[in-house]
Amino acid sequence: MPMFLRKKLHTLLLFIMGVVVRFSAPMRHTAFAGSGSSRQLCEHIIHTGAKKVLVVTDKPLRDLGVVDKAIVALLAADVDIAYYDGVLPDPTFDQVAAGAAVARSHGSEVVLAIGGGSSMDAAKIIAAAANSTASPADWVGIGKIKHTVLKLYAIPTTSGTGSEATMGAVISDSVTHEKSIIMGETLLPTAVALDADLIVGLPPHITAATGMDALTHGIEAYIGVWDRGTRREDARLAIKLIFEHLPVACRDGSNLDARSAMTMAAYYAGLAINQVNVGNVHAIAHQLGGKYGIPHGLANSLVLPHILEFCREEAQQPLAELAVLVGVGSESEDPAALAHKFIQAVKDLRTEVGIPNQMDVIKREDFEAICQLAIKEGGGYPVPRLLDRENVMLILNKIAK
């Protein structure tokens, strides 16, 4: 399809999205924050009168005792708890089906997600699938879940995906490994706990990758062309906190101030993308994760600087503003120079926290398929510049060893 026609269709899509959200009902969302906030959330669940809670998580977190630490208030109360700990990185529809089966057998009234983005995304669709005979694959897209889902709560144990603050979930096909996005107002957790006490043991490499994931969310929300709600304010808060605190959290995982700042950064970034969605970085990174199993934050980190270069002219002003925000330039400087400085600052931060700029698992024989899927996905985002084959190929060549 010619680029001029793609641009017209993209403009029409953004207009339709704007009309849809304008007439959507407001969403209720509560966040408990700070040390011990996981206990507050669990006490809140108890106060609602829930008696049967399904905890959705992964096995390593259960084995490490993180789950028990997070739900100590539930364990001490008269609550019947069931567990689904079969979530793996890049959760699949098969995992969702298994979790939903546990929920039905248990008679769960509430779903509590504990973990990173994979656990939270899986929990969202499990909550929807538990009381529906429809196939979750039929919900791919926006607003296709029409029935009432189980009440959903979340306790993130990484500071990256922001899934605790969004109404979307990414689920993979177990055969093709293609990632699908399911979005709907009922998938936004009713309440969340941002408890840094649960994150102090996160290894440096995971801290770095998840932190860069949150940075990607903040930047994509800020430079996107769809201006809605508080996305600018939320994105700015997230980006500033990450530049200030991610290196510290990577160097000293026990630094509770840095950990707390990163939990808030990921949350603010999640709030931002929940209002305006993500962008071209994700369009490519999703394919890398689906094809090679590259962790999402790491995939975003590989792609982020190259996409910023790709849309530097179209997003010059917001990029210049971000340069001033993170202290690598002043307002008196030329916006073009400031945009360059911010992109370099992103590269420097990535290097400082130990993330590579290339990976040898990315194969050139897969470029064409990755390219086609990325262009298709990117066309649904409010990006300042649409992807094209030539530039996606250039980016893939730069990140593959």
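A few remarks follow.
- Index of the failed condition, N131 passing every other in (1) part of a loop (DSSP other than H, G, I, E, B); (2) out of contact with any Leu (no Cβ under 7 Å at 6 or more places or on another chain); (3) over 20 Å from H282 (Cα atoms): (2)
- Taking first residues from the stretch 28-47 that are loosely packed, with under 15 Cβ neighbours inside 10 Å and partners that are acidic (D, E) and at pLDDT 95 or above, the Cβ contacts under 6 Å between residues at least 6 apart in sequence or on separate chains come to S35/D197.
- Scanning the stretch 154-163 turns up at least one residue that is closer than 29 Å to A265 by Cβ, touching a residue at least 12 places away in the same chain (Cβ under 8 Å) and in contact with a Phe, Trp or Tyr (Cβ under 7 Å, 6 or more places away or on another chain).
- Near pairs, Cβ below 6 angstrom, 6+ apart or cross-chain, from the stretch 357-376 (among the charged types (D, E, K, R)) to any residue that is in a loop (DSSP other than H, G, I, E, B) and surrounded by fewer than 17 Cβ atoms within 10 Å (Cβ to Cβ): D360/K401
- Subset of the stretch 42-83 [more than 23 Å from the chain's Cα centre (by Cα) and among the charged types (D, E, K, R)]: E43, K51, K52, D63, D68, K69, D78, D80
- Qualifying residue in the stretch 321-330 (condition: among the hydroxyl-bearing types (S, T, Y), surrounded by fewer than 24 Cβ atoms within 10 Å (Cβ to Cβ) and on the phi < 0 side of the Ramachandran plot): yes
- The stretch 307-320, subset out of contact with any Cys (no Cβ under 9 Å at 6 or more places or on another chain) and of a type in the set (A, V, I, L, M), residue surrounded by the fewest Cβ atoms within 10 Å (Cβ to Cβ): A320
- Tally of residues being hydroxyl-bearing (S, T, Y) and more than 14 Å from G218 (Cβ to Cβ) across the stretch 298-348: 2
- Residue list for the stretch 348-377, filter: within 30 Å of M3 (Cβ to Cβ), touching a helix residue (DSSP H, G or I) at 6+ places or on another chain (Cβ under 9 Å) and loosely packed, with under 15 Cβ neighbours inside 10 Å: N357, Q358, K363, R364, E368, A369, Q372, K376
- R350 vs. criteria in contact (Cβ under 8 Å) with a residue 40 or more places away in the chain, touching a Ser or Thr at 6+ places or on another chain (Cβ under 9 Å) and on the phi < 0 side of the Ramachandran plot: yes
- Subset of the stretch 49-66 (residues that are out of contact with any strand residue (DSSP E or B) (no Cβ under 8 Å at 6 or more places or on another chain) and not charged (D, E, K, R)): G49, P60, L64, G65
- Taken over the stretch 134-152, the criterion of being part of a helix (DSSP H, G or I) and either buried (at least 19 other Cβ atoms within 10 Å of the Cβ) or in contact with a Gly (Cβ under 9 Å, 6 or more places away or on another chain) (or both) is satisfied by P136, W139.
The values are calculated or read from the model by the stated rules, or taken from the named source; none is laboratory data. Only a predicted model underlies this, so the values are computations on that prediction, with no experimental measurement involved. In this analysis, Cβ positions are derived from the backbone assuming ideal geometry, glycine residues included, and neighbour counts consider all displayed protein chains.
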